[in-house]
Amino acid sequence: MGANLTRRIMESHLVEGQLVAGEEIALKIDHTLLQDATGTMAMLEFEALGLDGVRVDLAAQYVDHNLLQTDFRNADDHRYLQSACARYGIHFSMPGNGISHQVHLENFGRPGLTLIGADSHTPAAAGLSLLAFGAGGLDVALAMAGRPYYLSCPKVLGVKLVGSLPPWVSAKDIILEMLRRYGVKGCVGMVVEYFGPGVASLTVEDRAAIGNMGTELGATSSIFPSDDNTRKYLAAQQRAADWQPLRADDNALYDEYDEIDLAAVEPLIACPSSPGNVVRVSEVAGLQVDQVIIGSSANSGLKDLLRVSAIVEGRHSSPRTDLHINPGSRQVLENVVAAEGLMGLIRAGAKIHQSGCLGCIGMGQAPGTGQVSLRTFPRNFPGRSGTKDDQVYLCSPETAAAAALKGVITDPRTLAKEMDYPQVDDPEKRLVDRSSIVYPSRELRATEVVRGPNIKPFPELAPLPESLRLQVAIKVEDNISTDAIMPAGNRVLPLRSNIEAISQYVFYQIAPDFHERCRQLGDVAVIGGENYGQGSSREHAALAPRYLGVRAKIAKSYARIHKANLCNFGILPLTLKNPADYDRIHEASVIELPAVRTAIAKGATEIPIRVDGREVLTCLEVSDRQRQCLLAGSTLNLVRGELGKMRQLDS
């Protein structure tokens with residue numbers, strides 16, 4: 001049998017290990033991506049390594065999350081990031097220039113490369129046939145230092161696309177169909193590879209929207225082939241030389257297989273409060289809608305915004321519905337203007353915002369109490385919008401536009417009675433604007449790094465002791481997201497470079513006094529259910545708890561990135577061998593881990609613990625490298641030790 005595209009790219013970048021599903025491998029990384037919510041801490045981690053510059057082919061830092069400057073802190077972080085980028089040879093995309101995924105697609109992505117980003121939606125680069133991974137900031141900092149990226153070798157789910165989408169149905173509905181089939185954890189440990197004749201009907205930005213939300217499937221990554229549509233997109237971006245054709249062999253072998261007839265896909269919508277809670281739009285039609293937001297990291301490209309403009313042309317949004325547009329980049333907005341699409345949006349009553357994540361991470365655009373908000377965003381976890389008990393639905397731009405016009409959830413196909421479905425083609429040429437990207441130069445390497453008063457040094461993390469005695473500080477249910485562990489929003493995001501300050505918000509939505517509990521109890525444990533830590537790659541959901549004294553988390557299962565982050569910061573990610581033991585552990589239970597350091601050092605995979613004096617068996621399913629990180633107290637401690645030894649040998 002032939003090779004699939006995922007395996008081909010992994011083989012060409014394999015540094016350590018064998019491509020056997022479940023075994024740890026190390027891949028050479030071509031590009032790294034940081035955004036400002038994760039970038040300040042990742043940059044501090046990179047600086048802690050003591051290197052003179054980045055050692056990766058291309059490193060990029062985007063400012064797209066913390067755009068509200070309500071006081072000095074965000075502005076200080078941006079100046080720190082810009083000066084550090086200049087000092088260490090990193091591309092810097094200015095505030096307002098656009099969302100990392102869109103801007104990287106426009107300016108830097110190339111088929112066949114590997115990309116690691118401190119943002120869980122980094123697999124949006126699938127639109128340009130990059131094998132891209134979301135990861136914690138420390139993993140990205142290490143890749144910037146030239147070290148490979150370690151991960152469990154994924155299986156490959158081949159999804160054959162046949163046919164073409166009917167009018168009023170778009171790429172967003174394809175990924176919602178995948179979520180309807182697989183839920184939020186059905187693709188854990190897999191790369192989703194799309195192939196087949198239906199791929200040709202999807203533009204690069206369509207594919208990017210699907211790759212973006214593949215993260216919500218629990219997938220390690222997603223990928224599309226590089227074809228003539230890819231070539232046309234790169235040519236329109238004045239980057240024709242970056243194109244190369246890439247596809248799986250005709251007889252490619254996949255670990256699992258599925259097929260979607262695009263002609264049969266209907267308008268779909270994810271209901272509150274999970275991307276996996278997908279139903280047909282027609283099933284919830286008629287529900288009053290108070291807010292509609294189109295854009296952010298998914299569905300914010302040129303084609304989507306021009307189509308929305310054409311749908312609302314000559315009409316006005318319902319007086320009871322606020323319509324917001326978040327362009328993916330400054331370049332997208334310039335091209336909307338050039339195509340005469342902006343006036344249609346403005347006259348329809350749309351609020352046009354700067355290019356950034358904004359409401360997707362609770363940075364403004366919060367809905368009112370009890371209000372219904374339809375968004376083309378990738379996530380609708382509880383409270384993520386910034387409003388407690390929010391009612392956020394995820395849908396396509398077509399469904400969002402129909403709701404904005406009618407004031408209620410509306411199957412967009414019903415608009416066919418009033419108008420033809422707008423046909424919007426990718427332009428052969430685009431206005432290309434790279435003026436808001438600061439490119440590395442020899443002259444800039446002399447820049448002095450500027451640090452504001454809110455930027456604190458990376459905290460020291462002690463190695464794992466021989467034994468642990470912990471008290472359970474909190475017990476949570478299934479599918480707890482990193483948003484629930486470490487919230488975002490305009491109160492919290494400005495504290496990303498200050499671990500002491502941000503730690504006060506750990507589990508704030510669930511237990512506002514959690515940080516105080518930890519202060520009183522000392523070393524503590526957290527108990528979780530299935531799929532613990534789903535969602536964002538934010539490493540603060542591991543680092544801040546560690547700062548508070550969390551030394552072990554005990555759950556039924558973990559999301560991939562969060563588990564890796566726990567290892568990176570020395571928190572034991574234990575799983576219950578018998579899930580029924582979850583019901584026997586309570587808040588305030590005392591957990592003892594005798595001789596745990598010796599057990600981990602010897603490679604034990606079963607770790608017996610004592611819960612209120614009774615033995616419970618847990619499992620530690622980590623790689624040998626992760627064991628060394630846990631013993632050292634953090635990956636940073638381990639790598640600094642390795643670099644120190646190398647410097648001694650060199651001298």
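Exactly one condition in (1) modelled with pLDDT of 85 or more; (2) surrounded by fewer than 20 Cβ atoms within 10 Å (Cβ to Cβ) is not met by GLY364; state its number.
Of the numbered conditions (1) modelled with pLDDT of 85 or more; (2) surrounded by fewer than 20 Cβ atoms within 10 Å (Cβ to Cβ), the odd one out for GLY364 is (1).
Looking at (1) surrounded by fewer than 20 Cβ atoms within 10 Å (Cβ to Cβ); (2) modelled with pLDDT under 95; (3) on the phi > 0 side of the Ramachandran plot, which is the only condition MET646 fails?
(3)
What residue, of LEU345, LEU323, is part of a helix (DSSP H, G or I), touching a helix residue (DSSP H, G or I) at 6+ places or on another chain (Cβ under 9 Å), assigned by TED's automatic domain parsing to the domain that holds VAL408 and touching a residue at least 24 places away in the same chain (Cβ under 8 Å)?
Only one candidate qualifies: LEU345.
One line per residue, one yes/no per condition, for (1) free of Cβ contacts under 8 Å to residues at least 24 places away in the same chain; (2) surrounded by fewer than 20 Cβ atoms within 10 Å (Cβ to Cβ); (3) within 27 Å of GLN423 (Cβ to Cβ):
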| position | (1), (2), (3) |
| --- | --- |
| MET190 | no, no, no |
| PRO197 | no, yes, yes |
| ALA208 | no, no, yes |
| MET213 | no, no, yes |
| ALA235 | no, yes, yes |
| LEU246 | no, yes, no |
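Exactly one of (1) in a loop (DSSP other than H, G, I, E, B); (2) under 20 Å from LEU130 (Cα atoms); (3) at pLDDT 95 or above is unmet by PRO167. Its number?
(2)
Mind listing whichever residues of the range 257-297 are in a strand (DSSP E or B) and buried (at least 20 other Cβ atoms within 10 Å of the Cβ)?
LEU268, ILE269, ALA270, VAL278, GLN291, VAL292, ILE293, ILE294, GLY295
What number of residues within the range 405-436 are within 22 Å of ALA240 (Cα to Cα) and of a type in the set (Gly, Ala, Ser)?
Of the residues in that region, 2 qualify.
Hey, can you tell me all the residues within the range 218-233 that are touching a Leu at 6+ places or on another chain (Cβ under 9 Å) and free of Cβ contacts under 8 Å to residues at least 40 places away in the same chain?
Passing the criteria: only ASP227.
Residues in the range 573-583 that are touching a strand residue (DSSP E or B) at 6+ places or on another chain (Cβ under 9 Å), under 17 Å from ASP478 (Cβ atoms) and not in a strand (DSSP E or B): how many?
3
Residues of the range 592-622 being within 15 Å of VAL524 (Cα to Cα) and part of a strand (DSSP E or B), which ones?
Selection gives GLU592, LEU593, ILE609, ARG610, VAL611.
Output the helices (runs of 4 or more DSSP H) that fall wholly within the range 494-569 and possess 1 or more residues being without any contact (Cβ under 8 Å) to a residue 40 or more places away in the chain and under 19 Å from ILE591 (Cα atoms), or say none.
Correct list: 514-521, 560-568.
From (1) outside any helix (DSSP H, G or I); (2) free of Cβ contacts under 8 Å to residues at least 60 places away in the same chain; (3) closer than 18 Å to ASN498 by Cα, pick out the condition that doesn't hold for ASN66.
Only one criterion is unmet by ASN66, namely (2).
Here's a check for you: in the range 25-42, which residue that is out of contact with any Asp or Glu (no Cβ under 6 Å at 6 or more places or on another chain) and modelled with pLDDT of 95 or more is farthest from PRO494 (Cα to Cα)?
By that ranking, first place goes to ILE25.
The values are calculated or read from the model by the stated rules, or taken from the named source; none is laboratory data. No experiment lies behind these values; they were computed from the predicted model shown. Glycine also receives a Cβ, built like all others from the backbone with ideal geometry; neighbour counts cover every protein chain displayed.
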